[in-house]
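The values are calculated or read from the model by the stated rules, or taken from the named source; none is laboratory data. Everything numeric here is computed off the predicted structure, so don't read it as measured data. Cβ placement follows ideal geometry from the backbone for every residue including glycine, while neighbour counts extend to all protein chains displayed. Ligands, DNA and RNA are stripped out before the accessible areas are found, and what is left, the full protein with its side chains, is counted by its heavy atoms. Shrake-Rupley method; radii C 1.70, N 1.55, O 1.52, S 1.80 Å.
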There are 2 protein chains.
Amino acid sequence: MQLLEEKILREGKLLEGNILKVDSFLNHQIDVPFMQKAGEEFKRLFATKNINKILTIEASGIGVAAVVATYFNVPVLYAKKNAGSNMDKDVYATRVYSFTHRKINTVIVSKHLLTAEDRVLIIDDFLANGAAIRGLIDLVRQAGAKVEGIGTIIEKGFQGGGDRLRFDGYQVESLAIVEKMDAATQTIEFRH
Amino acid sequence: MQLLEEKILREGKLLEGNILKVDSFLNHQIDVPFMQKAGEEFKRLFATKNINKILTIEASGIGVAAVVATYFNVPVLYAKKNAGSNMDKDVYATRVYSFTHRKINTVIVSKHLLTAEDRVLIIDDFLANGAAIRGLIDLVRQAGAKVEGIGTIIEKGFQGGGDRLRFDGYQVESLAIVEKMDAATQTIEFRH
């Protein structure tokens, strides 16, 4: 998506440790008008799929998924990291390693909200090693539901998580794939 | 909002400890088509305000705010509870007590994303004691920005947070205000 690549080059900052900081439009502030364009694009890319639910993970996936869902006319379910006092005890749970926070989170979804009838589009802001996506796939599998596709805004292609998911047979669509990035020179190359 | 009151009566569950569980459409799964109707309603309620940014707090506010923002054509900024390794050090911070998780969270926004030019609509899923909203107001104040209004989906009127904000002069619009609820009898009364 040309518009996104330009946005990354214009607004993104590269930090040491393979961090692409895009907090002005993706994971602190959300550029909602841009995300509507992303939603249209995902709708086009997954047009042949019969999707009845979007699944994401808190926190930075939620805003993206909610806007994308307006183009599919379906609810968004988000896996929770911190179960509050009003959470069900009856949940599917899986463990996800967060590279950003350097810890393992147990993430959960309530069983009554993810069932064997669900045809799920997984949406997240970033795809790097694929740990979060793998966790969501595991939750879908536990529920006996079906993963119809995986959509992410930015994929760090050089970390291989996206290609491993494609190798496993999933339709993975990332609106921009960063092939190479270098914090020292602040340069980014995209896969085309 | 009649549609919301019906939805609460149909899908909500009352738990001990003044908990109204609405995880099927508001704070675990988000009923996005419904949230679009909520967005239209907020647009109508704040029609006279000149809003250029929506501010909310992670995690359950984000989905609501993102869909509402599609009706205002503005970005959503969400205050973060857990600063990751890629967060700015240059932030406004405030402390918010979470009744759900029974702990104090320090929440932050990056200074470069909230500035004195911003005219802010605060959006959240719930308004009870008003602790989260007060925290967001404090962040706006620190930035020298202006709160144009406060919109929430469900207000627990009997906890008084909304009325204290109205007393302080804020335009607070809640799409449903629960005046009384009783877990023993599973009954809810709304303010009209």
Just give me the residues in region A:55-64 being at the interface with chain B (Cβ under 7 Å from one of its Cβ atoms) and assigned to a helix (DSSP H, G or I), in sequence order. A:Ile62, A:Gly63
Would you check if there is a residue in region A:98-109 being of a type in the set (Phe, Trp, Tyr) and modelled with pLDDT under 95? yes
Breaking point among (1) within 13 Å of chain A (Cβ to nearest Cβ); (2) open to solvent by 10 Å² or more (accessible area, probe 1.4 Å); (3) in contact with a Gly (Cβ under 7 Å, 6 or more places away or on another chain), for B:Lys49: (1)
Could you please let me know if B:His28 is within 7 Å of chain A (Cβ to nearest Cβ), more than 16 Å from the chain's Cα centre (by Cα) and farther than 21 Å from A:Phe25 by Cβ? no
Identify the single condition in (1) more than 21 Å from B:Val178 (Cβ to Cβ); (2) in contact with a Phe, Trp or Tyr (Cβ under 6 Å, 6 or more places away or on another chain); (3) more than 10 Å from chain A (Cβ to nearest Cβ); (4) charged (D, E, K, R) that B:Glu5 does not satisfy, given that it satisfies every other one. (1)
Count, please, the residues in region B:105-129 that happen to be closer than 20 Å to B:Lys49 by Cβ and within 17 Å of the chain's Cα centre (by Cα). 7
Just to verify a result, which residue in region A:9-25, among those that are hydrophobic (A, V, I, L, M, F, W, C) and under 22 Å from B:Asn52 (Cα atoms), is farthest from the other protein chains (Cβ to nearest Cβ)? A:Val22
Report yes if some residue within region A:81-102 is part of a helix (DSSP H, G or I) and open to solvent by less than 60 Å² (accessible area, probe 1.4 Å); otherwise report no. no
Taking the options A:Phe99, A:Phe34, name whichever one is more than 23 Å from B:Met35 (Cα to Cα) and among the aromatic types (Phe, Trp, Tyr). A:Phe99
Within region B:165-186, how many residues are over 20 Å from B:Glu6 (Cβ atoms), open to solvent by 60 Å² or more (accessible area, probe 1.4 Å) and outside any loop (DSSP other than H, G, I, E, B)? 2
Residues that are within 8 Å of another protein chain (Cβ to nearest Cβ) and either in a strand (DSSP E or B) or crowded, with 24+ Cβ neighbours inside 10 Å (or both), drawn from region B:65-74: B:Ala65, B:Ala66, B:Val67, B:Ala69
Those residues of region B:1-32 which are loosely packed, with under 14 Cβ neighbours inside 10 Å and in a helix (DSSP H, G or I), in sequence order: B:Gln2, B:Leu3, B:Glu6, B:Leu9, B:Arg10
Picked from region A:33-54 (must be in contact with a Phe, Trp or Tyr (Cβ under 7 Å, 6 or more places away or on another chain) and outside any helix (DSSP H, G or I)), the residue nearest to A:Val109 (Cα to Cα) is A:Ile54
Hey, B:Asp163 out of contact with any Ser or Thr (no Cβ under 8 Å at 6 or more places or on another chain) and of a type outside the set (Lys, Arg) or not: yes
Spot the failing condition for A:Arg134; the list is (1) touching a helix residue (DSSP H, G or I) at 6+ places or on another chain (Cβ under 9 Å); (2) open to solvent by 40 Å² or more (accessible area, probe 1.4 Å); (3) touching a residue at least 40 places away in the same chain (Cβ under 8 Å), and only one is missed. (3)
Filter region A:22-58 down to the residues that are hydroxyl-bearing (Ser, Thr, Tyr) and touching a residue at least 40 places away in the same chain (Cβ under 8 Å) and list them by number. A:Thr56
Only one of (1) more than 14 Å from chain B (Cβ to nearest Cβ); (2) over 13 Å from the mean Cα position of the chain (by Cα); (3) among the basic types (Lys, Arg) is not met by A:Arg134, so which one is it? (2)
